[in-house]
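**Q** Can you keep this structure in mind? I'll have questions shortly.
Coordinate-derived values only; no laboratory data. A quick note: this is a predicted structure, and the numbers were derived from the prediction, not measured. Here the Cβ positions follow ideal geometry from the backbone for every residue, glycine too, while neighbour counts run over all protein chains shown.
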Amino acid sequence: MLIRTALPSERSTVGDLRVRAYREQGALEASPSYGDILRELGWNTTDEVLVAVDGDTVLGTVVFVPWGPHCEVAQGPEEAEIRAFAVAPQAQRRGVGGALVKAVLDRAEREGLARVVLCTQTVMTGAQRLYRRHGFVRLPERDWTPLPGVWLLSYVLHLGE
């Protein structure tokens, strides 16, 4: 397995993977239209879409979002956030998610950032376990709801500790 920047030609594949993974977790039930947003996150910005691949097969993806206008929970230039984290259902529990999280953390450390933050839906219990295994802790003061029926839980990892 290799973690790398997604290629423009993988845009559709990555979007389909995100939607499928979120749908299978029940994360699109309250807002099915979020699938359209999810498909496009990270592609038209300075954010970086990362993929985990095995040969030509995309197994998972995450977006590294440095502080800026596309952030949802990051609150300053010392923070970056994780968005659109998804692992193909058939690739779960194979280390793909952990490798993607590690790639984001490595990049944040190289850039000298103090914290990585993220938000996740309450139904995404597997992702929450993965984040905790990597040292993320709850950041309840940044929890928020983008629309009725969708509650997002915030997490933070303090780097260099």
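**Q** Can you give me the long-range amide H partners of G68? Hydrogens built in the peptide plane at 1.01 Å from N, cutoff under 5 Å, separation of 5 or more residues or another chain.
**A** Result for G68 returns nothing.
**Q** So what is the relative contact order for segment 30-134, in percent, with contacts set as C-alpha pairs under 8 Å and at least six apart? Before the final figure, lay out the partial values.
**A** Details: 141 pairs, mean separation 23.4, N = 105.
Contact order relative to length: 22 percent.
**Q** Same structure, new question: Taking the Cα centroid of segment 48-78 and of segment 131-161, what is the distance between the two, rounded to the nearest whole Å?
**A** So the separation of the two Cα centres works out to 16 Å.
**Q** What distance in nm separates the simple spin-label points at V137 and D36, each placed 7 Å from Cα in the Cβ direction?
**A** In this crude label model, V137 to D36 measures out at 4.1 nm.
**Q** In nanometres, what is the gap between the two model label sites at R107 and M1, each 7 Å from Cα along Cα-to-Cβ?
**A** 1.7 nm
**Q** Give me the net charge for the shell around W67: Cβ to Cβ below 9 angstrom, other residues only, Lys and Arg +1, Asp and Glu -1.
**A** Taking every other residue near W67 into account, the sum is -3.
**Q** Given labels modelled 7 Å from the Cα in the Cβ direction, how far is it in nm from W144 to R23?
**A** 2.8 nm
**Q** Pick from G97, G55, G68: which is most flexible by mean-square fluctuation in a GNM of the chain where alpha carbon atoms under 10 Å apart are linked?
**A** Result for the chain, Cα springs under 10 Å: G55 fluctuates most.
**Q** Taking segment 1-64, which chymotrypsin sites (Phe, Trp or Tyr not before Pro) meet the DSSP loop condition and have no more than 16 other C-beta atoms within 10 Å? Mind showing how you got there, number by number?
**A** On the way: sites: Y22, Y34, W43, F64; in loops: W43.
Those that pass, being in a loop and sparsely packed, are W43.
**Q** Could I ask something else about it? Pick from V19, V65, V53: which residue has the top mean-square fluctuation in a GNM of the chain where Cα pairs under 10 Å get a spring?
**A** In the Gaussian network model the winner is V53.
**Q** Next question, about the same structure. Each residue of segment 51-66 in turn: what ³J(HN,Hα) in whole Hz from Karplus with 6.51, -1.76, 1.60 and θ = phi - 60°, glycine and Pro shown as x?
**A** With the stated coefficients, segment 51-66 comes to 10, 9, 10, 10, x, 9, 9, 7, 9, x, 7, 7, 10, 8, 10, x Hz.
**Q** Turning to a different aspect of this structure: Amide H of A6: which non-local residues (sequence gap of 5 or more, or other chain) have their own amide H closer than 5 Å, using H built in the peptide plane?
**A** Amide H neighbours of A6: V49, L50, V51.
**Q** Another one. Using the Karplus equation 6.51 cos²θ - 1.76 cosθ + 1.60 (θ = phi - 60°), what ³J(HN,Hα) coupling, rounded to whole Hz, does each residue of segment 86-99 give in order, writing x for Gly and Pro?
**A** 7, 10, 4, x, 6, 9, 5, 6, 10, x, 5, x, x, 5
**Q** Report which label in (1) 11.5; (2) 10.0; (3) 8.7 holds the value of mean projected area of the Cα convex hull in nm² derived from the coordinates of this structure.
**A** Of the listed options (1) 11.5; (2) 10.0; (3) 8.7, (3) comes from this structure.
**Q** Would you work out the relative contact order for segment 89-161, in percent, from Cα pairs under 8 angstrom that are 6 or more residues apart?
**A** Contact order relative to length: 35 percent.
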